[in-house]
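This report concerns only the one structure given below.
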Amino acid sequence: METRPPLPPFTEESARQKVRLAEDAWNSCDAKRVSLVYSPDTHWRNRAEFVDGRADVVKFLQRKWQKELDYRLIKELWAFSENRIAVRFAYEWHDDSGHWYRSYGNENWEFNAQGLMVNRHACINDCPIKEQDRRFFWEGARRPDDHPELSEFGF
């Protein structure tokens, strides 16, 4: 049976680890890789869009990253319980016209016993920013461990 550690029930340490693993996966902008952390029958609400199942997750993420270029994301643990994690996040990106945005949001995650996410509910707001106002700079897909966390920016 497929598992994705850390598994519930979560401790603060394992919840933080789960959040960082999710951040790393999303920053890869690899839709197939990201989809593997979700259960085959996962259900999402992302803004006003509903996504059901891994195949739809892949299609959704491919569309997302065709629009949101030079994507850089930071996630932060907000709260956790036995099999649920609440996260706040911000990410920066630009469109194909070179207009920059910082998107702020909150996610609620629910996991099955195998550590796969079965439900994801996301609320996200996009704020236009000037390129000189960007804050998320790093090379490669993974945010370095010494890069500031989300709270350090005061967002």
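Every number in this text was worked out from the coordinates using simple rules, so none of it is lab data. Just so it is clear, the model here is predicted, and its values are computed rather than measured. Note that we place each Cβ from the backbone using ideal geometry, even for glycine, and neighbour counts take in every protein chain shown.
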For this session: Could you work out how far helix 12-27 tilts from the main Cα principal axis of the chain, as a 0 to 90 degree angle to the nearest 10?
Result: 50
Problem set entry | Cα→Cβ-extended label distance, 7 Å offset, between residue 152 and residue 106, nm | 2.5
Exercise. Over the chain, what per residue volume does the convex hull of the Cα atoms give, in whole Å³?
Worked result: 108
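Once you charge only the Cβ atoms, +1 for Lys and Arg and -1 for Asp and Glu, what is the size of the charge dipole of the chain about its Cα centre, to the nearest 20 debye? Walk me through the numbers on the way to the answer.
Working: 24 positive and 27 negative charges, 57 e Å.
Roughly 280 debye for the chain.
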Exercise. Any idea what angle helix 54-67 forms with the longest principal axis of the chain, computed on alpha-carbon atoms, 0 to 90 degrees, nearest 10?
Worked result: 10
Exercise. Which FRET efficiency, nearest 0.05, do residue 52 and residue 123 yield, Cβ-Cβ r, R0 22 Å?
Worked result: 0.75
Seminar exercise, completed: On the formula 1/(1 + (r/R0)^6), with r taken between the Cβ atoms of residue 96 and residue 138 and R0 of 30 Å, the FRET efficiency rounded to 0.05 is 0.85
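Determine the gain in length on full extension of the stretch residue 45-residue 12; use 0.36 nm per residue of separation and subtract their C-alpha separation, reporting nm with one decimal. Intermediate results must be reported in sequence, preceding the final value.
Values: separation 33, 0.36 × 33 = 11.88 nm, distance 2.52 nm.
That works out to 9.4 nm of additional length.
So what is the 222 nm mean residue ellipticity for the chain from helices alone, if each DSSP H run of at least 4 adds -39500 (n - 2.57) and you divide by all residues, rounding to the nearest 500 deg cm²/dmol? Spell out each step's value before the answer.
Working: 3 runs with 35 residues, N = 155.
Theoretical 222 nm ellipticity from helices: -7000 deg cm²/dmol.
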Seminar exercise, completed: The farthest towards the positive end of the charge dipole of the stretch 1-153, of the residues 3, 147, 25, given +1 on Cβ of Lys and Arg and -1 on Cβ of Asp and Glu, is 3
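State to the nearest 20 debye the size of the charge dipole of the stretch 31-75 about its Cα centre, where the only charges are +1 on K and R beta carbons and -1 on D and E beta carbons. Don't skip to the answer; put the middle values down first.
Details: 11 positive and 6 negative charges, 36 e Å.
For this selection, approximately 180 debye.
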